[in-house]
Amino acid sequence: MFIVMMIVDMTALDVLSCCRPLDAATLADDEVEATASIFKALGDPARVKIVNALATRDEPVCACEFVPVLGLSQATVSHHLKKLTDVGLLGREQRGKWAYFSIRPEAASRLEGLIRLPEVTR
């Protein structure tokens, strides 16, 4: 008899999957926390530049390409990419020694739904 165990970090998926749009009648505490963590991840100008760069590309982008664009060290760029990946916004693919990043399609549509607010009438 063989037992196979696999440890999978579902934290990133849970953050995005539990968020309801901000115009929901009510939000549970865990939904508020998850939504805040997404906005917190996007609350840094370098991370916004990363998401912008990825949103304009059809193919995954090598982490090495962000260093000259952002004018930051490789370690700092890696930190920002990790934050965006941890909340589930980015997908990461290892190719040799380099990691390539892309916006997760389900994350993009979930984020769009999260911030879509109805028109406010006064």
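The values are calculated or read from the model by the stated rules, or taken from the named source; none is laboratory data. Computed from a predicted model, the values in this text were never measured in an experiment. Quick reminder, even Gly has a Cβ in these numbers, built from the backbone with ideal geometry, and neighbours come from all protein chains shown. Ligands, DNA and RNA are stripped out before the accessible areas are found, and what is left, the full protein with its side chains, is counted by its heavy atoms. Shrake-Rupley method; radii C 1.70, N 1.55, O 1.52, S 1.80 Å.
Laid out as a table, the results:
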quantity: Gain in span if fully extended, Ser78 to Val48, counting 0.36 nm per residue against the direct Cα distance; calculated: 9.4 nm
quantity: By accessible area with a 1.4 Å probe, ligands and nucleic acids excluded, highest first: order of Phe101, Phe39; calculated: Phe39, Phe101
quantity: Cut-off under 5 Å, modelled amide H: who pairs with Ile103 long-range; calculated: Gly91
quantity: Simple spin-label estimate for Glu93 and Glu31 in nanometres, 7 Å along Cα-Cβ; calculated: 3.4
